[in-house]
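One structure is given here, and the rest of the page talks about it.
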Amino acid sequence: MNYGVVSQEQLEKIDELLTEKLIKIGVDCVIIIDMAGNIITAKDNGTSKYDVYSFAALAAGNFATVDAMAKLVGEQEFSLLFHKGTDCNIHFSKIDDELLLISMFGKDISLGFLRLNVVETIERIKRLWVREQ
Amino acid sequence: MSFINLREKIVQVKIVYYGPGRGGKTTNLEYINRKFSKQIQSEMVSLKTHGDRTLFFDFLPFNMGQIKGYDLKIQLYTVPGQVKYNATRKLVLKGVDGIVFVADAQEHMREKNIRSLNQLHENLRDYKESIFRIPLVLQYNKVDLRNQGIPILPTAILEKDLNSKLKVPAFEGSALTGYNVPETLKKIISSTVISIQKKLL
């Protein structure tokens with residue numbers, strides 16, 4: 001699959017979905033990146049400002065490392081990652097072999113609720129992607 | 001693979017500095033970071049060991065302004081040069097658009113330069129890329145050491161060792177003093193942008 005160029009329409013639909021399913025429930029910032037560290041799209045709640053470009057590079061590296069670890073223990077992949085902080089948490093989830101959804105959120109949302117929404121978002125993004133191909 | 005955002009008109013380009021350990025890849029990025037601070041909006045990210053060797057990569061985002069109405073965002077990466085870190089080097093090469101090969105011009109590094117370039121060739125092949133097709137610039141770093149009486153390989157020998165088949169642009173350089181560091185960067189950016197334009201048109 002070629003992710004090199006994404007149409008404006010595709011991006012708008014994905015952005016709508018991210019806002020609806022994740023930003024509205026209280027996620028501070030959502031980023032979709034590819035495994036090379038490029039940002040596909042980023043949405044935030046208007047108050048959080050992160051350096052998303054450095055973040056994407058590190059996140060892609062992080063995920064690649066974890067993928068290599070999975071192979072070492074005989075797993076196909078670890079499809080999600082969660083980092084817990086005092087005020088900020090980060091949740092990484094694989095959309096497919098090339099794309100990664102990253103959510104940064106605070107203390108006000110439970111991890112379970114976030115995960116439910118992430119799963120639904122990913123399914124809808126996948127459907128959107130297939131339809132557009 | 002570069003990523004193009006048609007809505008926000010942004011092109012993201014990934015350029016990787018590759019080469020043998022202690023050859024000056026990180027020093028290239030550090031010089032660029034100091035020299036072009038106006039075009040760099042965020043901090044350089046370095047993942048290194050306690051001994052200051054690159055462990056995973058360095059990352060420096062660099063704004064090139066606009067080309068044909070598109071904002072050009074250059075992402076500069078380095079790889080760890082030490083032989084044992086090839087798995088990490090390969091990870092960083094994923095989706096690369098252009099490469100600067102930083103060779104160490106000291107005489108005793110001759111063998112290591114060749115080995116590193118050969119490994120780059122193999123690593124790219126694993127991603128179904130080719131060293132003969134990807135935009136590539138060579139930098140023969142540390143030529144300033146010549147003035148301190150340290151044996152440095154003549155450029156003709158470096159050219160013969162590394163560039164006789166590739167025939168790509170090559171610069172003598174000194175990452176520490178900045179000699180030809182901007183020139184190397186400009187050359188790889190222009191070759192990469194031309195190659196992306198060709199792929200798209």
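Tabulated results
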read-out: Which of B:Val96, B:Pro154, B:Phe62, positive extreme of dipole for the protein assembly as shown (C-beta unit charges); value: B:Pro154
read-out: Cβ-based net charge around A:Lys43, under 14 Å, with every Lys or Arg adding one and every Asp or Glu removing one; value: -2
read-out: Surrounding net charge for B:Val16, when Lys and Arg each add one and Asp and Glu each subtract one, Cβ distance under 14 Å; value: +2
read-out: Degrees between helix B:110-126 axis and first principal axis of chain B (Cα, 0 to 90, nearest 10); value: 30
read-out: Per-residue [θ]222 nm for chain B (sum of -39500 (n - 2.57) over DSSP H runs n ≥ 4, rounded to 500); value: -10000 deg cm²/dmol
read-out: Charge sum, other residues only, whose C-beta stays under 11 Å from A:Ile23's C-beta, Lys/Arg counted +1 and Asp/Glu -1; value: -2
read-out: Backbone HN-Hα couplings from phi across the stretch A:98-111 [Karplus 6.51/-1.76/1.60, Hz, Gly and Pro as x]; value: 10, 10, 9, 9, 10, 10, 10, 8, x, 7, 7, 10, 7, 4
read-out: Degrees separating the helix B:181-200 axis from the principal Cα axis of chain B, which is the longest one; value: 50
read-out: Relative exposure of A:Lys94, A:Lys24, judged by other C-beta atoms within 10 Å (fewest first); value: A:Lys24, A:Lys94
read-out: Lys pairs under 20 Å by Cα in the stretch A:30-132, provided they are eight or more residues apart or on distinct chains; value: 9
read-out: Eligible aspartates and glutamates near B:Lys186 by straight Cα distance, threshold 17 Å, same-chain separation 8 or greater; value: B:Glu30, B:Asp71, B:Asp97, B:Glu172
read-out: DSSP-assigned coil residues among trypsin sites (Lys or Arg not before Pro) in the stretch B:116-172, each with at most 16 further Cβ atoms within 10 Å; value: B:Lys128, B:Arg133, B:Lys165, B:Lys167
read-out: Within the stretch B:36-113, GluC sites (Glu not before Pro) in DSSP loop having at most 12 other beta-carbon neighbours inside 10 Å; value: B:Glu43
read-out: At most 16 other Cβ within 10 Å, DSSP loop - chymotrypsin sites (Phe, Trp or Tyr not before Pro), the stretch B:125-196; value: B:Tyr127, B:Phe132
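Laboratory data are not the source of any read-out in this text; all were calculated from the coordinates shown. The structure presented is a predicted model; accordingly, all values stated were derived computationally and were not measured. Neighbour counts are summed over all protein chains in view; Cβ atoms, including those assigned to glycine, are modelled from backbone coordinates with ideal geometry.
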